[in-house]
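The values are calculated or read from the model by the stated rules, or taken from the named source; none is laboratory data. Computed from a predicted model, the values in this text were never measured in an experiment. Heads up, the Cβs are rebuilt from the backbone with ideal geometry, glycines too, and the neighbour counts pull from every protein chain shown. With ligands, DNA and RNA removed, areas are computed over all heavy atoms of the protein, side chains included. Shrake-Rupley method; radii C 1.70, N 1.55, O 1.52, S 1.80 Å.
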Amino acid sequence: MSDRVERLRAARSATILAFESSCDETAVAVVRDGREVLANQILSQIDRHAVFGGVVPEIASRMHVEALDPLLDAALNEAGMTLAGIDAVAVTCGPGLVGALLTGVSYAKALAYARDLPLVAVNHIEGHVSANYLAHPELEPPFACLVASGGHSHIVLVERYGEYRLLGQTLDDAAGEAFDKVARVLDIPYPGGPLLDKLAEEGDENRYRFPHPHTPGKYDFSFSGLKTAVINQAHNLRQQGEEIAAADFAASFRRAVVDALVGKSVAAAVEAGATALAAAGGVAANRLLRRELVRRGEQAGLRVFLPPVALCTDNAAMIGSAAFYRLMRGETAALDLNALPSLRMFS
Ligand code: KG4
Ligand code: ZN
């Protein structure tokens with residue numbers, strides 16, 4: 001391990017420049033000691049992909065390449081520092097779109113090499129979990145965390161910093177993916193999750209009946225059957241010439257997803273002996289999910305932690321936080337680091 005890394009570990013202090021480019025957000029952040037956000041720059045490409053109804057990987061990669069330079073300048077500016085104030089460079093190396101990941105990985109490697117700085121590779125999911133450290137100074141492992149995003153739905157137990165045990169996961173679609181696909185049937189533009197959520201606030205969640213998913217694993221999820229049932233019901237109603245009450249439809253669907261996510265994460269946390277439950281990922285921005293996690297989590301005797309909405313969706317500050325704890329464990333990456341589109345957090 002380099003002297004530099006040893007010094008940072010001994011001081012238990014590092015200012016980290018972090019990059020995130022795994023999907024359709026280019027993000028650069030500066031994070032101090034894993035907890036303090038000095039800069040958090042995000043450029044969303046959503047408008048460019050919305051016309052296609054989903055993320056177009058080639059467009060995403062090209063837009064990342066264009067955005068990285070100006071976002072780095074903006075982040076350093078926001079933090080009021082130059083590269084001289086940076087102790088390490090962090091980057092999301094997976095999971096995600098390979099071309100998109102490669103832009104950030106190459107950029108971070110070049111910068112680490114040019115400035116002779118330690119490089120830290122971060123798993124995107126671990127990044128989401130770590131968003132909680134930025135918002136809650138008092139939160140420390142062990143705690144359980146529900147991670148629900150466009151590509152992932154996991155319940156993890158954070159045993160120590162950087163050490164995770166999988167308690168449950170989706171067997172098919174991710175929760176966010178189900179939100180986006182059902183939104184499409186309601187003619188809500190991509191990504192539908194946030195708008196469907198907003199619409200659902202006005203709706204009657206008891207108006208439509210949808211199946212509550214069953215899974216063989218106690219704490220696993222399955223959203224594909226629910227999604228198909230919901231989409232079929234919409235088509236059937238339309239074929240019968242019936243008007244779909246969009247807000248009620250959205251509310252009924254949201255209730256089914258949230259009940260599954262909350263019921264299982266609370267039960268898994270309690271059985272694992274955790275006293276705290278956190279949430280992360282884009283779907284953790286969902287209004288009903290937030291309310292129900294607090295209500296049912298606290299009922300079960302858990303302290304519940306939610307990141308602010310801006311830190312639930314993709315950002316680089318969460319990568320900077322996760323990287324700090326990796327660095328403190330002496331876990332740095334070599335310059336032959338590659339993008340790992342199917343990177344897993346659990347072996
Ligand atoms: O974490 P994220 O930004 O990207 C991934 O790593 O996938 O999550 C994006 C996902 C999308 O599927 C989006 O529709 C969903 O999170 N999402 C929501 C809400 N806000 C974002 N789903 C339900 N309700 C929301 N308020
Ligand atoms: Zn994400």
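Listed values, structure above:
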item: Surface accessible to a 1.4 Å probe, per residue, for the residues of the chain, Å²; result: 42 Å²
item: Kirkwood hydrodynamic radius (C-alpha pairs) into Stokes-Einstein, the chain, 10 °C and 1.306 mPa s, D in µm²/s; result: 77 µm²/s
item: Selection from Ala260, Ala250, Ala276, by position along the positive dipole direction of region 232-302 (Cβ); result: Ala276
item: At most 13 other Cβ within 10 Å, DSSP loop - chymotrypsin sites (Phe, Trp or Tyr not before Pro), region 293-347; result: Phe346
item: For region 33-147: span of alpha carbons on each principal axis (Å, largest first); result: 42, 37, 22
item: 28 Å Cα-Cα reach of Lys181 towards lysines, excluding residues that sit fewer than 8 places from it in its own chain; result: Lys198, Lys218, Lys227, Lys264
item: With every protein chain in place, the chain: carbon and sulfur % of accessible area (1.4 Å); result: 50 percent
item: Size of charge dipole - the chain - debye, nearest 20, with Cβ of Lys, Arg +1 and Asp, Glu -1, no other charges; result: 640 debye
item: Order by protection proxy (mean Cβ within 10 Å, highest first), peptides 45-53, 185-193; result: 185-193, 45-53
item: Kyte-Doolittle at least -0.5, axis length at least 20 Å by Cα - qualifying DSSP helices, the chain; result: 57-79, 98-115, 224-239, 246-271
item: Bridge type composition, region 21-180 - antiparallel percent by DSSP, nearest 5; result: 80 percent
item: Most to least packed among 296-304, 31-39, 82-90 [average Cβ atoms within 10 Å]; result: 31-39, 82-90, 296-304
item: Share antiparallel - DSSP beta bridges, the chain, percent rounded to 5; result: 60 percent
item: Cβ-defined net charge surrounding Pro137, 13 Å radius [Lys, Arg +1; Asp, Glu -1]; result: -2
item: Relative packing of 111-121, 4-14, which averages over residues the other C-beta atoms within 10 Å, highest first; result: 111-121, 4-14
